[in-house]
Amino acid sequence: MAKIKSIHARKILDSRANWTVEVEVNGVSGASPAGASTGTHEVPTVPADIACDFINNKMKKAFLNHEMNQKEIDRKLKFLTGKIGSNGAIATSFAVYNFLWDERQFNRSVFPYPLGNVFGGGAHGGSCYMQEVLLCPKKAKTFPDAVQKMTDAYHELKKELKDMGLSLGMNDEGALTANIGFMELMDILKPIADHNGCAIGLDIAASEMYRHNKYYYRQKEQFLNRDEQIDFVDHLIKKYNLFYVEDPMNEDDFDGFSKIHSKNKKTLVTGDDLTTTNTQRIQRALGKINAMIVKPNQIGTVTQAFDAISLCKKSHIIPVMSHRSGETTDATIARMALDFECPIIKCGIADMRTAKINELLRLWDKTDKPKMKKI
Ligand code: 2PG
Ligand code: MG
């Protein structure tokens, strides 16, 4: 087994022009993304300078000449997150994962469906209260066809909003923004999604709008109480035939998620801030959700993210590999989605988001008899 011969951390910029951590292990790199609508239960980050300083001046000595073993390294990283943050830990863990990529004997022929943020708002910018309106090209038979369908729908919506004179450009995730109400947007998007073979999903990111036990809808200047929020989400699911709803309730309201799930068994009721890629929180969510976001930087290492995926699979919860709103061109999550056979990868559509999609297009092209994971 290879040994760690060099480790070096540096600051690089993410897509929001904020500093983030990139780590090279034996010359192979990994970089940390960053969230804006972060869950309270995520492992905290530390400023990039502090993480890099600790990695280069203290951690390095303790890691050099150790075996390049993902589990062992991640076990050590887990205990260092107080010093290097989840950002320093995941950048190192990704670098090790990428170094070992060629050696690992995984069956890499089952590809995830992309889930792309086509229209956005909330904490990612844009006037809409809805954080993400997502498209999943469920009718596609191949990964390239899935990308075609999703981008066709994206371009059609973009043109429509431009022709109506409503377009306001893109937000943090490369999603479209416009001077339009959410329901009006949905009414325009639904036929576009339908004829391009895409299903619609939402990331409501409800914790971001939760104030004094109510949900604040800023476009409507309206507060909804818990029961009203459940009814509103239920109404949206039925009206737009939503296949996916992420974080419909505040991050600690496990029973609220359960209520929506029990009324809508065909929809993926998905935890993100609820579960934060944390196996203890997934245990609490069993039976209450049927899908879960996997963001490796929420928990700090590839191994812990993998443990979360394994628990999901045992518990009939669909693991959805996911980017963050602050990203780099690091494409490790695309590789992880393939290795761990996640049926869906949430990775955006435009701007820097193409790094993950392009990695999967390359891998699809290089694979003998690739196929899509059934969802
Ligand atoms: C989310 C993510 C990614 P952030 O809420 O699912 O889309 O956003 O990285 O800001 O938490
Ligand atoms: Mg989310």
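Can you confirm whether Lys149 is assigned to a helix (DSSP H, G or I), surrounded by 15 or more Cβ atoms within 10 Å (Cβ to Cβ) and more than 16 Å from ligand 2 (Cβ to nearest atom)?
Spelling it out, Lys149 is indeed assigned to a helix (DSSP H, G or I), surrounded by 15 or more Cβ atoms within 10 Å (Cβ to Cβ) and more than 16 Å from ligand 2 (Cβ to nearest atom).
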Can you say whether Val294 is touching a Leu at 6+ places or on another chain (Cβ under 8 Å), open to solvent by less than 10 Å² (accessible area, probe 1.4 Å), of a type in the set (Val, Ile, Thr) and within 14 Å of ligand 2 (Cβ to nearest atom), as far as the supplied structure shows?
no
Subset of the range 28-59 (residues that are of a type outside the set (Ser, Thr, Tyr) and touching a residue at least 60 places away in the same chain (Cβ under 8 Å)):
Val28, Gly30, Ala31, Pro33, Ala34, Gly35, Ala36, Gly39, His41, Glu42, Val43
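Filter the range 117-146 for residues that are more than 16 Å from ligand 1 (Cβ to nearest atom) and surrounded by fewer than 23 Cβ atoms within 10 Å (Cβ to Cβ) and give the result.
Ser127, Lys138, Lys139, Ala140, Lys141, Thr142, Pro144, Asp145
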Working only within the range 316-375, note down all residues that are open to solvent by 40 Å² or more (accessible area, probe 1.4 Å), closer than 23 Å to Val245 by Cβ and β-branched (Val, Ile, Thr).
Ile318, Ile375
Scan the range 94-122 for residues that are modelled with pLDDT under 95 and not in a loop (DSSP other than H, G, I, E, B) and jot them down.
Gly122
Sort out which residues of the range 159-169 are touching a strand residue (DSSP E or B) at 6+ places or on another chain (Cβ under 7 Å) and surrounded by fewer than 20 Cβ atoms within 10 Å (Cβ to Cβ), and write them in order of number.
Leu166, Ser167, Leu168, Gly169
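Residue-by-condition table, conditions (1) within 13 Å of ligand 1 (Cβ to nearest atom); (2) more than 22 Å from Gln70 (Cα to Cα):
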residue: Met249; (1), (2): no, yes
residue: Lys266; (1), (2): no, yes
residue: Val269; (1), (2): no, yes
residue: Gly287; (1), (2): no, yes
residue: Asn297; (1), (2): yes, no
residue: Thr301; (1), (2): no, no
residue: Ala305; (1), (2): no, no
Residue pairs within 7 Å by beta carbon, gap of at least six or interchain, first lying in the range 68-88 and farther than 19 Å from Lys295 by Cα, second open to solvent by 50 Å² or more (accessible area, probe 1.4 Å), listed first then second, are Met68/Met1; Met68/Lys3; Met68/Phe99; Asn69/Met1
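The values are calculated or read from the model by the stated rules, or taken from the named source; none is laboratory data. Since this is a predicted model, take the numbers as computed values, not measurements. Here the Cβ is made from the backbone with ideal geometry for all residues, glycine too, and neighbour counts use every protein chain on show. We work out accessible area using only protein heavy atoms, side chains counted, and drop any ligands, DNA or RNA first. Shrake-Rupley method; radii C 1.70, N 1.55, O 1.52, S 1.80 Å.
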